[in-house]
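Trainee: Just passing along the structure, written as structure tokens.
The values are calculated or read from the model by the stated rules, or taken from the named source; none is laboratory data. Just so it is clear, the structure is predicted and the values come from calculations on it, not from any experiment. Here Cβ is always computed from backbone atoms with ideal geometry, including for glycine, and neighbour counts include all displayed protein chains. These area figures cover heavy atoms from the full protein model, side chains too; ligands, DNA and RNA do not enter into them. Shrake-Rupley method; radii C 1.70, N 1.55, O 1.52, S 1.80 Å.
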Amino acid sequence: MAGLNKSDMKNPVINWIDTRMPVFTLMQREYGTFPTPKNFNYFWNFGALAMIALMIMIATGIFLAMNYVPNTGLAFDSVQRIMRDVNYGWLLRYVHQNGASMFFIVVYIHIFRGLYYGSYKYPRELLWIIGVLLLLIMMATAFMGYVLPWGQMSYWGATVITNLFSAIPLVGESIVTWLWGGFSVDNPTLNRFFSLHYLLPFVLVGVVFLHIAALHITGSNNPLGIDVKGPQDTVPFHPYYTIKDSVGTCVFLLIFAILVFFFPNFLGDPNNFLPANPLQTPADIVPEWYFLPFYAILRSVPDKLGGVVMMFGSIAVLFVLPWLDTSPVRSARFRPIYRQLIFLLVISVIALGFVGAHKPEGIWVVIGRVATTYYFLHFLVILPILGKLERPRPLPESISRPVIGPGGSGGGPLPGRAPAKPMEKP
Amino acid sequence: MRLARFALLGALVGALAAGPALAQEAEAPTPPAQKWSFSGLFGTFDLAAAQRGFQVYESVCSNCHSMRLLHYRDLAGIGLTPEQIKAVASHNTVPLGLNDQGEPITGPALPSSPFRSPFPNEKAARAANNGALPPDQSLMVNSLPGGPDFVYAVLTGYKEPPPGFNLQSGMNYNEYFPGHQIAMPQPLQADQVEYADGTKATIEQEAHDVVTFLTWAANPEMVQRKQIGVRVVLFLVLMTGLTYVVKRKVWSDVH
Ligand code: HEM
């Protein structure tokens, strides 16, 4: 009987289950008493918010799928039927449509948090890599979802993006034909996109699970970027962070509701109110806002293959970021130069967003190229060198003693394995 | 730090300012903003205007434009009674499937019938309109970037072409249509319809009414959506406040 769990659960039924299958003990350990740094700011809400967004997408998506018809002749009208004839169908659809935007806003802020506070550094590299993987799956899901309503932008967006693969030398054309299931974006494409659009969110759920599993081994980072020294630095997850996440959730839902109920088409493209028409190309083909920076990178490179490589490269660099950034200090609070540059990176990405929304002409080409250059320079050149040159500010002793002792330089040890010395210029 | 924040703000403002400036390079002037009953957070459809607009649609636009996503029963949404809907539907002859001999039959529409389409297919529509296709009007207001203001501007924007303007045959000059050439002949004339409620049918009045109707047709859920929205937002504001108070209390013992 060695395998039985000694459960502390009071309720006899729960105790009986927990003795045989300790899921309640697990939840208690991982979400109840889980020791969590006590100095989180509201940036630490965004992981929980992303999980909520994912659940909302799955819940609304399943009900949409009950009335959606994945056929080129019927898809557009079936979505309109959802909007007009299904009880509260407009609500389901507007929540799903704007939910994708909310999901991306939340995830982008979550990523920024990671960049600013150095959450990708030792020992959280794997956690970070799983996160980048989540971003990729999410992008694929959103891209295929956008094709489903079969409007003009659905069709032409799908055509442009799938065509990118034709830039691959030798096998490109065959890959595109294989992706399409034919010689253009057509019914087989729509069918497989629907199938995958239904599948990938559940893959996402699985990978989120791994993300959390990895997190609960390393523990959370915190705004100071220093390690937890003992129980005085932490509080149990519940009730402290359950209630703090609830505040964030309320604000998230509030913004979400304003979007859904009052501006449901603000982020959408008017062209998608027209049914797909393979014979009529829209004046300008633009993706949804959350893809614009990547689209801008694609169009900033004069060569097609080069553009595709750079576009995928812009995400690929994130995978290796833990090894590109050579500084042992995590939080930007203690890295005076990095702290400026990270804002420059944010400006570049936002600028790229605007560039992506405009025809690649005139000033937009210039801005696009400058911003693209900075993006890659930041990760590939500046971060490796900066870690060696920058002189970090002294780190606090511990989370519970954030005030730096007399003398100013009497900081605690640096995080990370190596007792790396910041560059001391004589 | 400060500097970077300022730069961020500057970049944002710059990009936002550059956006519209570039858009203005397009040929047509921006349509002037009109007063609509349905705009704003609490705006609802002026049902009388929407009903007059339906009258304009029935007697004018529906000769060329289809509205295939609507059914006659939907007109309950602009306040028509079941009897009125039955009457309106029965004035229209629509295909009613096959008879017992397997021949296609037509007959008066039922409330459950989709709106009658003026042409059986795209080819017939083009043939009757000098090769141009009158687009379906179910979602027209939403699919045009300028929305209701743009449709209103096009309907009231017919003018004599300026001297020297090269108007192609079969085209009409319109101040607000991109390129100023539109295949649709001026659809509205003063007193083209006689309003049952005695409203004077000027071109502007007809345009205003039909745009109200078209906006309803494209967004029939709007009023319900906004009403629910107000309640949901109020509830969430309350919840946010309450949750924040509880959070403060829970955290009061952490130093
Ligand atoms: C990661 C989560 C998800 C994301 C990011 C996502 C994203 C999207 C997007 C951007 C659209 C197009 C919205 C529009 O313009 O109309 C869409 C449509 C759709 N999605 Fe999802 N989705 C997710 C999960 C799901 C799930 C789990 C299902 C089904 C179980 C689903 C079913 C559908 C259906 C049926 C449509 C077509 C109806 C429509 O266009 O509104 N989605 N999705």
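Trainee: Please identify every one of the trypsin sites (Lys or Arg not before Pro) in the stretch A:1-89 that sits in a loop by DSSP and has no more than 11 other beta carbons within 10 Å of its own beta carbon.
Mentor: Loop-located and lightly packed - A:Lys6, A:Lys10.
Trainee: Something else: What is the angle, in °, between the Cα long axis of helix B:47-59 and the longest principal axis of the Cα atoms in chain B? Nearest 10 is fine, range 0 to 90.
Mentor: In chain B, helix B:47-59 runs at an angle near 40 degrees to the longest axis.
Trainee: When the chain is fully extended, how far beyond the present Cα-Cα distance does A:Leu126 get from A:Leu74, taking 0.36 nm per residue of separation?
Mentor: 14.4 nm
Trainee: Using helices alone, I'd like the mean residue ellipticity at 222 nm for chain B: each DSSP H run of four-plus residues gives -39500 (n - 2.57), total over residue count, nearest 500.
Mentor: -14000 deg cm²/dmol
Trainee: Could you please state how large a percent of the accessible area of the protein assembly as shown is carbon and sulfur, counting protein chains only and using a 1.4 Å probe?
Mentor: 67
Trainee: Something else: How would chain B be classified by its alpha-carbon gyration tensor: rounded, prolate or oblate, with rounded meaning a/c under 1.5 and the a/b versus b/c comparison settling the rest?
Mentor: The shape class here is oblate.
Trainee: Over chain B, give the accessible area per residue in Å² for a 1.4 Å probe, as an integer.
Mentor: 56
Trainee: Using alpha carbons only, how many degrees (0 to 90, rounded to 10) separate the axis of helix A:237-262 from the longest principal axis of chain A?
Mentor: Approximately 30 degrees, to the nearest 10.
Trainee: Would you work out which of B:Ala127, B:His71, B:Pro104 lies farthest towards the positive end of the dipole of the protein assembly as shown? Charges go on Cβ: Lys and Arg +1, Asp and Glu -1.
Mentor: Of B:Ala127, B:His71, B:Pro104, it is B:His71.
Trainee: Which FRET efficiency value, to the nearest 0.05, is calculated for B:Gln189 and A:Leu267 with the Förster distance at 45 angstrom and r the Cβ-Cβ distance?
Mentor: Efficiency for this residue pair is about 0.70.
Trainee: The stretch B:208-255: which residues show an accessible-area loss of 50 Å² or more, assembly versus chain alone, 1.4 Å probe?
Mentor: B:Glu221, B:Arg225, B:Val233, B:Leu236, B:Thr240, B:Thr243, B:Lys247, B:Val250, B:Trp251
Trainee: Then there is this: For the pairing of chain B with chain A, what total accessible surface becomes buried, with a 1.4 angstrom probe, in square angstrom to the nearest 100?
Mentor: 4000
Trainee: Using Cα pairs closer than 8 Å and at least 6 residues apart in sequence, work out the relative contact order for chain B, in percent.
Mentor: It rounds to 24 percent for chain B.
Trainee: Would you kindly work out the equivalent ellipsoid of the protein assembly as shown from its C-alpha gyration tensor and give its semi-axes, the square roots of five times the eigenvalues, largest first in whole Å?
Mentor: 53, 31, 25
Trainee: For chain A, what is the mean residue ellipticity at 222 nm derived from helices alone (per DSSP H run of n ≥ 4: -39500 (n - 2.57); sum divided by total residues; nearest 500 deg cm²/dmol)?
Mentor: -19500 deg cm²/dmol
Trainee: Please list A:Asp233, B:Asp100, A:Asp186 in order of solvent-accessible area, largest first, computed with a 1.4 Å probe with all protein chains present.
Mentor: Heavy-atom accessible area, descending, gives B:Asp100, A:Asp186, A:Asp233.
Trainee: Would the stretch A:60-168 count as rounded, prolate or oblate if I go by the C-alpha gyration tensor, calling it rounded below 1.5 in a/c and otherwise prolate when a/b exceeds b/c, oblate otherwise?
Mentor: Taking the square roots of the gyration eigenvalues as a ≥ b ≥ c, the stretch A:60-168 is oblate.
Trainee: Compute the acute angle (0 to 90°) between the alpha-carbon long axis of helix A:152-163 and the principal axis of greatest extent of the alpha-carbon atoms of chain A; round to the nearest 10°.
Mentor: Tilt relative to chain A: about 70 degrees.
Trainee: Over chain A, with the other protein chains present, what is the accessible area per residue in square angstrom, probe 1.4 angstrom?
Mentor: On a per-residue basis, 46 Å².
Trainee: For chain A, what relative contact order do you get, as a whole percent, if you take Cα pairs closer than 8 Å and at least 6 residues apart?
Mentor: Relative contact order comes out at 20 percent.
Trainee: To continue, here is another question. Considering the Cα trace of the stretch A:6-53, what is its radius of gyration and what is Dmax, both in angstroms?
Mentor: 14.7, 39
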